[in-house]
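The values are calculated or read from the model by the stated rules, or taken from the named source; none is laboratory data. Treat the numbers as computed from the prediction; the structure is a model and nothing was measured. Every residue, glycine as well, gets a Cβ built from its backbone with ideal geometry; the counts of neighbours run over all protein chains shown.
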Amino acid sequence: MADILIIHRDFDTLAGAESVCLNMVDALQDAHDVTLLTLTPPDIEAANGQFQTNVDGSITIRTPGHIQSLADISTGVLDVFFGHTGAYPRLHAALLNWYARRHCSEYDIVISTWNEANFGHSSMVYVHSPAFNLRHTPEPHGVSGAKFEGFDYLLSRLAGFSGAQLTSDLVVTNSSWTQDLVDETYDRQGIVVPPPVLTDDIQRRPWSERERGFVTVGRVAPDKRTKKCIEIIDGVHEEIREAHLHIVGPESDVEAGYVAEVRAMTDAREYVQYEGGVSRERLTGLLASHRYGLHGKENEHFGISVAEFVAAGMIPFVAPGGGQTELINGRSALIYDSPSAAVEQILAMMNGTRDADALKSALPDIDTEYGRKRFQREISEQVQRVLDSR
């Protein structure tokens, strides 16, 4: 039995990164003494319900209040000098990593579930997407310009980097695409352990019982290209009047202007329904009752909504690049380069030019290759690998 410290920035939201963290805690808590270090503690009961985990409510959770206060103050400074830069999560993670480096000697192994870090101690990091040293990351994924490069340098130093060197014993990424990005940034190879995809409550209805409609799932934001998804359905609806779209996903106050534009577009179209944030039951019901999924983000790090589309027996259409293409085994018929190309490919499918059954059979078995039990088994093996190498 080992003493393990798992570090996760915060639990202000319960999304994919939080699922990785709590599934990891669930996998390790019976065999080891696990401590969770975070700025804001999770609601264990709510998280267990959402992720179908069994995290023990009595696990040790450390929340350094002075680091949280420093994070709040630093966020205010960023507002004054930088405006909104999207750097708040990176800053908060860097501060937490700085704190962890001063306490990691109390543990046998330290694990970061919120991207890369250097601890100077036996460690493993799970990288969803590089968060530091972005000035060394290839465009368009990095940062450029003196102000942002300077800020990235300071953040990276705070997070424990003296350069683009990642010294953790083991680097784990969520997809091969992310692994390549880590390799380009840090010249460091690792292993891929895809995040857990919840499949227990996903239904697979017969194709004939499904509506000839689409569902897009994800935060309503420019990088998710929600408006582009609507434009694609515009083109499809011109030829197939049954075609319609459900937009599912939470809103962000930071992107309030974009959300307003999306809402205005949906209000003007009877064939587009704005669902917003919905219950898990509503989401799985939509996936089970529709034939097609539509994913707008290019270069998605993993694309858990695409995995859920496939698990539900839908046919997903995805933008190029990123881990989402791995979830459809790289099938070119399902990867579009532009909205007009998407319309053409979708119409070929809906009009019967392409064989839907053949395409569905070529997609992966999500439960076997990406399911929760698979994740917990693989991550336990990798943690033991680091422990054995000490």
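Are any of the residues in segment 315-331 of a type outside the set (Gly, Ala, Ser), on the phi > 0 side of the Ramachandran plot and outside the structural domain of residue 181 (by TED's automatic domain parsing)? Before the answer, list the steps.
Just the residues of segment 315-331 that are of a type outside the set (Gly, Ala, Ser), to begin with: 315-318, 320, 324-329, 331.
Then keep just the ones that are on the phi > 0 side of the Ramachandran plot; that gives 329.
Now narrow it down to the ones that are outside the structural domain of residue 181 (by TED's automatic domain parsing): 329.
Yes: one or more hits.
Mind listing just one residue for me: the one in segment 212-229 that is surrounded by 21 or more Cβ atoms within 10 Å (Cβ to Cβ) and hydrophobic (A, V, I, L, M, F, W, C) and, of those, nearest to residue 319 (Cα to Cα)? Applying the filter and picking the extreme gives 229. Applying a threshold of 7 Å to beta carbon distances and a minimum spacing of six or more residues, or different chains, the list of pairs starting in segment 317-328 at a residue that is of a type in the set (S, T, N, Q) and ending at one that is surrounded by 24 or more Cβ atoms within 10 Å (Cβ to Cβ) reads 324/295; 324/300; 324/303; 324/306; 324/318; 325/318. Among the conditions (1) more than 18 Å from residue 304 (Cβ to Cβ); (2) surrounded by fewer than 22 Cβ atoms within 10 Å (Cβ to Cβ), the only one that residue 182 does not satisfy is (2). Given the condition surrounded by fewer than 21 Cβ atoms within 10 Å (Cβ to Cβ), out of contact with any Phe, Trp or Tyr (no Cβ under 8 Å at 6 or more places or on another chain), hydrophobic (A, V, I, L, M, F, W, C) and farther than 27 Å from residue 356 by Cα, answer yes or no: does some residue in segment 245-258 qualify? Looking through segment 245-258, at least one residue is surrounded by fewer than 21 Cβ atoms within 10 Å (Cβ to Cβ), out of contact with any Phe, Trp or Tyr (no Cβ under 8 Å at 6 or more places or on another chain), hydrophobic (A, V, I, L, M, F, W, C) and farther than 27 Å from residue 356 by Cα.
The C-beta contact set for segment 365-390 (first residue closer than 18 Å to residue 203 by Cβ, second residue in a helix (DSSP H, G or I) and of a type in the set (A, V, I, L, M, F, W, C), distance under 6 angstrom, 6+ apart or interchain) comprises 366/307; 366/310; 366/311; 370/307. For residue 270, the stated conditions hold: it is more than 27 Å from residue 17 (Cα to Cα), acidic (Asp, Glu) and assigned to a loop (DSSP other than H, G, I, E, B).
For segment 185-201: of the residues being within 23 Å of residue 25 (Cβ to Cβ) and of a type outside the set (A, V, I, L, M), which is surrounded by the most Cβ atoms within 10 Å (Cβ to Cβ)? Let's see the steps before the verdict.
Step one: of segment 185-201, the residues within 23 Å of residue 25 (Cβ to Cβ) are 190-201.
Filter again for of a type outside the set (A, V, I, L, M), leaving 190, 194-196, 199-201.
Numbers: 190: 22, 194: 25, 195: 22, 196: 28, 199: 21, 200: 9, 201: 11.
My answer is 196.
Scan segment 221-249 for residues that are touching a residue at least 40 places away in the same chain (Cβ under 8 Å) and on the phi < 0 side of the Ramachandran plot and report the count.
Our first condition is that a residue be touching a residue at least 40 places away in the same chain (Cβ under 8 Å); within segment 221-249, this holds for 223-226, 228-233, 235-236, 239-240, 243, 245-246.
The next check asks that each one be on the phi < 0 side of the Ramachandran plot; those that pass are 223-224, 226, 228-233, 235-236, 239-240, 243, 245-246.
Going through segment 221-249 one residue at a time, the tally reaches 16.
Which ones in segment 194-219 are under 17 Å from residue 15 (Cα atoms) and touching a Phe, Trp or Tyr at 6+ places or on another chain (Cβ under 7 Å)? Of everything in segment 194-219, those that are under 17 Å from residue 15 (Cα atoms) and touching a Phe, Trp or Tyr at 6+ places or on another chain (Cβ under 7 Å) turn out to be 194, 195, 196, 197, 198. Looking at 12, 26, 33, 43 in this structure, which one is in contact with a helix residue (DSSP H, G or I) (Cβ under 8 Å, 6 or more places away or on another chain), acidic (Asp, Glu) and assigned by TED's automatic domain parsing to the domain that holds residue 383? Going through 12, 26, 33, 43 in turn, the sole match is 26. Evaluate segment 341-350: report whether one residue or more is modelled with pLDDT of 95 or more, in the same structural domain as residue 51 (by TED's automatic domain parsing) and among the acidic types (Asp, Glu). No, every residue in segment 341-350 fails to be modelled with pLDDT of 95 or more, in the same structural domain as residue 51 (by TED's automatic domain parsing) and among the acidic types (Asp, Glu).
Do the conditions hold for residue 282, that is, is it of a type in the set (Lys, Arg), modelled with pLDDT of 95 or more, within 22 Å of residue 206 (Cβ to Cβ) and part of a helix (DSSP H, G or I)? Talk me through it step by step, then tell me what you get.
Numbers: of a type in the set (Lys, Arg): yes; modelled with pLDDT of 95 or more: yes; within 22 Å of residue 206 (Cβ to Cβ): yes; part of a helix (DSSP H, G or I): yes.
Criteria met by residue 282.
Restricting segment 286-316 to residues that are surrounded by fewer than 24 Cβ atoms within 10 Å (Cβ to Cβ) and of a type in the set (S, T, N, Q), the residue that is farthest from residue 226 (Cα to Cα) is 289. Answer yes or no as to whether residue 356 is touching a strand residue (DSSP E or B) at 6+ places or on another chain (Cβ under 7 Å), modelled with pLDDT under 95 and either farther than 28 Å from residue 197 by Cα or among the small types (Gly, Ala, Ser) (or both). When the stated conditions are applied, residue 356 passes them.
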